[in-house]
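One structure is given here, and the rest of the page talks about it.
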Amino acid sequence: MSNVDRAIGVEPFEWPITVDEAMLNTLVARLLIANPRAQLLLGAAGLGKSTMAFAAASALEARGFVVLPVIALAELATVPLAAMAPVLARLRTDSSDILGQRLQQLFTVIASNADGYVLVVDDAPDLDSVSASMIYQLVRATGVRCILTARSDRELTGPVARLLAEGRIDQTTMPGLAPDTAGRLVYAVLGQSVDPQSLRRLVTVADGNPLFLRELVIGAIERQAITVGPRGLLIDHASLPARLSEGIRSHFDTLREDLRELVDLIAVAEPWPESMLGQPSLLAELTDRGLVRRSFDGEIYLAHPLFAETLLAGMSAERLDARRRAAAARFVVTGDDSRRFKVAVLLAETTTPPAAAELAWAARYAYSVTDQALAVRLADSSIAAARSFDALLVRAAALSAMKDAAADEAFTNADRAAQSDIERALVAREWSEHHAIRLQNPRAAIERELVILESMADVAARTLLEADIGRWRLMIGEAPLLEPRSLTVMDDDPMAALNAATYEVMYAAQAGRFAQARAALARARPLADRVRLTVPSAGGVLDLFEFRVLLYENGIAAGEAYARERQRDDFNDAVGIWSYAMASLAMHSGRVVEADEFAEYAIEQLLWRDFSGLLGTAVALRASIAAQLGSPALAHELLATRSTGDVKEMLQRVEVEAWLLVAAGDRGAAAAALRAAGVRAIEMHANALAAPTLYLAVRLGKAAVVIEQLRTIAATAEGVFIHSMVGHAEAAVARDAEALLAAAGQLAEVGLLAGAVDAAGQAAALFRSVGRAERERRASILIAKWDVGLSGFRAARDERGSLDLTEREWAVARAAANRRRSKEIAEQLGVSARTVDNHLTNIYRKLGVAGRDELRAEIERLD
């Protein structure tokens with residue numbers, strides 16, 4: 001029985017409780033110090049303030065503290081000591097009817113052991129005045145530990161406000177759920193992955209609120225509105241659960257008419273520039289009530305996305321039409337595409353829609369911000385009014401982005417409507433991208449554009465298609481018909497110029513000519529900005545090539561910083577691309593387990609959205625990782641998917657074959673396969689892509705097999721990434737132990753730590769063969785230093801022997817070298833001083849040093 005079945009009611013289930021561990025640890029740490037301040041958790045209803053407060057209390061209870069819960073209720077705010085009733089019962093004070101006596105008893109009991117108690121005050125603004133005064137006195141006079149919660153829309157008054165004013169309270173604002181946390185919660189409930197786009201809508205609507213997320217999911221379960229899609233579960237939250245919508249409506253139903261009219265206006269068109277909304281006094285009143293919020297840039301929203309959804313669902317058709325037209329009339333759109341778009345969308349569903357051309361423009365804008373479903377709706381509205389080429393093309397492009405089966409028919413309709421060579425070329429470009437990227441068939445894209453090119457006379461149209469054909473031919477490893485600099489570029493046509501510049505970036509980067517690639521990137525960037533509405537993915541494609549240039553010129557650290565910055569946003573359309581980049585970097589550096597996590601996520605995201613054609617390569621990358629981690633069955637399963645013919649994918653697939661041969665004990669056959677793939681890639685003008693594949697043979701101890709190919713690449717390629725690999729190969733072929741050790745250092749600087757470990761291992765073996773024990777020991781120490789945190793294959797693993805230091809021994813060695821005493825090191829590591837001394841004995845033996853002075857000198861030499 002699935003979790004979905006259980007959730008529907010066949011079996012009971014519980015919504016998982018989650019807290020931000022980092023925030024919890026910070027909160028507990030603040031309460032554990034001597035003389036701590038009280039801790040106040042602020043946030044909207046449903047954000048988990050109470051959950052966090054009691055999680056912190058539980059952590060303190062586990063350390064021996066006695067937790068005293070104080071439960072404030074608005075209904076009992078006039079009853080003296082009502083909130084303290086659980087505390088009075090817990091401490092068993094006398095049941096005196098005289099209030100003063102009970103207060104005295106309570107104060108005396110807590111004050112007698114203030115360091116042993118923790119007060120947890122839930123909903124502090126609802127405290128009765130006597131309880132609030134008692135908490136003030138306890139915190140101020142005895143220093144008892146105290147955690148308070150309060151909704152951010154409620155004003156703190158009286159004694160609690162005085163504590164805040166006196167600096168006796170630390171405030172922490174509760175954040176919403178991060179998208180990945182929300183995704184894990186939904187997965188935990190349903191037991192299956194959710195379609196990424198469906199999850200995106202769900203998390204956006206819940207806006208990080210755990211309570212709203214829970215109600216949305218449970219509501220969909222109860223309505224049986226969860227279905228299985230090709231990329232995971234589809235969750236339909238078109239209608240909000242009754243209990244959720246009723247709770248939200250209760251905030252608005254009692255508003256005055258002038259406040260309700262303003263709220264409705266915000267709901268139909270949020271966010272609003274405050275200057276266009278007007279009515280500052282009404283806005284201030286709504287803000288004080290917690291119904292409206294300002295963003296960091298001063299725009300006005302309702303306090304939660306579900307507020308707008310609930311209000312819109314409750315409006316009559318006539319009221320909604322009037323509110324939309326009223327909102328559109330307030331927006332000043334001059335020179336601002338986003339406002340122009342908002343007005344078009346507002347009016348599109350009214351009794352006075354915009355002209356067909358304006359709807360077609362709005363459809364193109366929706367496509368550029370990746371709202372493909374809206375783009376199709378707007379294009380359909382435009383086409384219904386007047387069948388235009390622009391509307392037909394954007395409709396086809398949006399359907400392609402959605403991987404809709406109707407895309408080909410839509411492209412056919414757009415092609416029939418084209419009136420010029422440039423319009424036919426624009427259709428061909430989008431249609432070919434549909435085949436090359438979305439359908440993973442670049443060969444079909446090439447054939448289509450070659451046929452169309454034969455009948456093209458317009459220079460700009462021909463340039464656009466010739467550059468496109470060049471890109472697809474490079475992708476599948478065929479020699480381009482024209483080199484980029486042979487293309488005729490018309491300055492007055494930014495689309496053709498962008499295609500030509502992008503083609504040159506790709507051509508130069510694959511060949512290893514990174515200075516040329518940078519120059520082409522500089523030309524392409526402003527062009528991509530100019531055609532952003534038509535080719536929204538252009539900037540992302542250029543980012544990917546800039547990443548490659550950074551990596552090859554500067555090494556893994558530079559590439560990783562660039563990729564990580566772009567991979568953080570789970571709902572960025574390029575998140576799959578940057579997850580792939582992170583997986584590739586982690587694998588090259590030797591962090592293969594980490595690489596597997598990134599690769600799995602990359603495939604999941606690229607199945608949904610991939611404007612770069614990387615899906616096949618990402619699948620092959622994960623197969624390579626599986627082979628390195630000893631999972632041949634998974635590697636073969638992944639390789640069984642259809643190959644796109646992409647040169648990157650071809651090289652990655654050969655690497656899988658090589659790792660499987662290594663596992664079978666045949667490194668010679670593995671090196672031969674790697675060499676053959678490298679030769680083919682060089683013939684394809686993909687020298688830079690070939691280098692890492694050829695380098696695997698060097699790591700396997702077979703440098704002689706691939707040295708000629710690596711020398712060919714090094715003769716023209718730029719950047720430290722490739723040259724550090726070639727340096728290792730040259731030293732290995734020369735059997736020069738000192739050169740190998742130097743190459744290992746260069747590889748480590750570049751971030752190729754697994755290669756550095758292998759180069760140092762090869763050096764250690766050569767030193768050992770000639771009896772140079774001191775140099776062997778140095779190589780082995782470097783291996784131990786670089787190998788920390790790595791996983792997967794390292795040829796040097798067997799070369800380290802008894803000279804290896806464990807990760808803990810390295811920590812002890814570095815601390816001792818920094819003149820830390822054994823007792824200090826023990827406290828830092830959470831072990832006994834005797835254990836530290838035992839570690840030092842082993843370290844001295846392994847490093848061949850006598851005492852801390854020699855240890856310090858050895859560590860300094862290594863660093």
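The values are calculated or read from the model by the stated rules, or taken from the named source; none is laboratory data. A quick note: this is a predicted structure, and the numbers were derived from the prediction, not measured. Here Cβ is always computed from backbone atoms with ideal geometry, including for glycine, and neighbour counts include all displayed protein chains. Ligands, DNA and RNA are excluded from the accessible area calculation, which covers all protein heavy atoms including side chains. Shrake-Rupley method; radii C 1.70, N 1.55, O 1.52, S 1.80 Å.
Would a scan of region 773-780 turn up a residue that is of a type in the set (Lys, Arg), in contact with a helix residue (DSSP H, G or I) (Cβ under 7 Å, 6 or more places away or on another chain), in a helix (DSSP H, G or I) and farther than 27 Å from Arg518 by Cα?
Yes - at least one qualifying residue is present in region 773-780.
The residues listed here are Arg523, Arg532, Arg566; of these, the one that is part of a helix (DSSP H, G or I), open to solvent by 10 Å² or more (accessible area, probe 1.4 Å) and out of contact with any Phe, Trp or Tyr (no Cβ under 7 Å at 6 or more places or on another chain) is Arg523.
The sole residue among Val87, Val67, Val118 that is under 24 Å from Arg30 (Cα atoms), in contact with a Leu (Cβ under 6 Å, 6 or more places away or on another chain), open to solvent by less than 50 Å² (accessible area, probe 1.4 Å) and part of a strand (DSSP E or B) is Val118. Those helices (runs of 4 or more DSSP H) of region 329-413 in which at least 3 residues are farther than 22 Å from Ile437 by Cα and of a type in the set (A, V, I, L, M, F, W, C), considering only elements entirely within it, cover 337-348, 356-368, 372-385. Annotation note: of Ser400, Ser432, Ser455, Ser382, the sole residue that is polar (S, T, N, Q) and open to solvent by 20 Å² or more (accessible area, probe 1.4 Å) is Ser455.
Out of all the residues in region 333-343, is one or more open to solvent by less than 20 Å² (accessible area, probe 1.4 Å) and either of a type outside the set (Val, Ile, Thr) or touching a residue at least 12 places away in the same chain (Cβ under 8 Å) (or both)?
no
Do we find a residue being among the acidic types (Asp, Glu), under 18 Å from the mean Cα position of the chain (by Cα) and more than 14 Å from Ser612 (Cα to Cα) anywhere in region 550-568? Among the residues of region 550-568, at least one is among the acidic types (Asp, Glu), under 18 Å from the mean Cα position of the chain (by Cα) and more than 14 Å from Ser612 (Cα to Cα), which makes the answer yes. Pairs meeting the criteria (first residue in region 464-479 and over 23 Å from Glu423 (Cα atoms) and in contact (Cβ under 8 Å) with a residue 40 or more places away in the chain, second residue assigned to a helix (DSSP H, G or I) and open to solvent by 10 Å² or more (accessible area, probe 1.4 Å), beta carbons under 6 Å, at least 6 apart or on different chains) are Leu474/Met506. Report yes if Ala602 is in contact (Cβ under 8 Å) with a residue 24 or more places away in the chain, within 30 Å of Thr370 (Cβ to Cβ) and open to solvent by less than 10 Å² (accessible area, probe 1.4 Å), otherwise no. So Ala602 passes the test.
For (1) in contact with a Cys (Cβ under 9 Å, 6 or more places away or on another chain); (2) more than 22 Å from Leu689 (Cβ to Cβ); (3) of a type in the set (A, V, I, L, M), each residue gets a yes or a no:
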site: Val733; (1), (2), (3): no, yes, yes
site: Gly751; (1), (2), (3): no, no, no
site: Ala760; (1), (2), (3): no, yes, yes
site: Arg768; (1), (2), (3): no, yes, no
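For region 149-169, name all the residues that are of a type in the set (D, E, K, R) and either over 23 Å from Asn35 (Cα atoms) or touching a Leu at 6+ places or on another chain (Cβ under 7 Å) (or both). Hits for region 149-169 are Arg151, Asp153, Arg154, Glu155.
Residues in region 641-667 that are within 28 Å of the chain's Cα centre (by Cα) and surrounded by fewer than 19 Cβ atoms within 10 Å (Cβ to Cβ): 3 in all. For region 475-497, the candidate set comprises residues that are closer than 20 Å to Val647 by Cβ and under 37 Å from the mean Cα position of the chain (by Cα); within that set, the residue that is surrounded by the most Cβ atoms within 10 Å (Cβ to Cβ) is Met475.
For region 130-161, the set of residues classified as under 19 Å from Leu41 (Cα atoms), surrounded by fewer than 18 Cβ atoms within 10 Å (Cβ to Cβ), among the small types (Gly, Ala, Ser) and in contact (Cβ under 8 Å) with a residue 24 or more places away in the chain consists of Gly143, Ser152, Gly158, listed by residue number.
Inside region 350-371, can you point out the residues that are of a type outside the set (A, V, I, L, M, F, W, C), modelled with pLDDT of 90 or more and either at positive phi or out of contact with any helix residue (DSSP H, G or I) (no Cβ under 7 Å at 6 or more places or on another chain) (or both)? Answer for region 350-371, where residues must be of a type outside the set (A, V, I, L, M, F, W, C), modelled with pLDDT of 90 or more and either at positive phi or out of contact with any helix residue (DSSP H, G or I) (no Cβ under 7 Å at 6 or more places or on another chain) (or both): just Ser368. Candidates in region 279-307 are the residues that are without any contact (Cβ under 8 Å) to a residue 24 or more places away in the chain and open to solvent by less than 50 Å² (accessible area, probe 1.4 Å); of these, the one that is nearest to Arg340 (Cα to Cα) is Leu283. Residue under question is Trp472, and the condition is that it be assigned to a helix (DSSP H, G or I), touching a helix residue (DSSP H, G or I) at 6+ places or on another chain (Cβ under 9 Å) and either open to solvent by less than 20 Å² (accessible area, probe 1.4 Å) or among the β-branched types (Val, Ile, Thr) (or both); does it hold? So Trp472 passes the test. Restricting attention to region 228-245 and to residues that are modelled with pLDDT of 70 or more, over 17 Å from Arg609 (Cα atoms) and not polar (S, T, N, Q), the residue that is nearest to the chain's Cα centre (by Cα) turns out to be Ile235. Just one of the listed residues (Glu318, Glu274) is surrounded by fewer than 18 Cβ atoms within 10 Å (Cβ to Cβ) and more than 25 Å from Thr352 (Cβ to Cβ), namely Glu274.
Scanning region 175-201 for residues that are under 16 Å from Gln224 (Cα atoms) and either surrounded by 20 or more Cβ atoms within 10 Å (Cβ to Cβ) or touching a helix residue (DSSP H, G or I) at 6+ places or on another chain (Cβ under 6 Å) (or both) yields a total of 6.
A single entry from Ile300, Ile266 fulfils the requirement of being in a strand (DSSP E or B), within 25 Å of Ala348 (Cβ to Cβ) and over 26 Å from the mean Cα position of the chain (by Cα): Ile300. Here Thr310 does not fit the description of being without any contact (Cβ under 8 Å) to a residue 12 or more places away in the chain and more than 30 Å from Leu607 (Cβ to Cβ).
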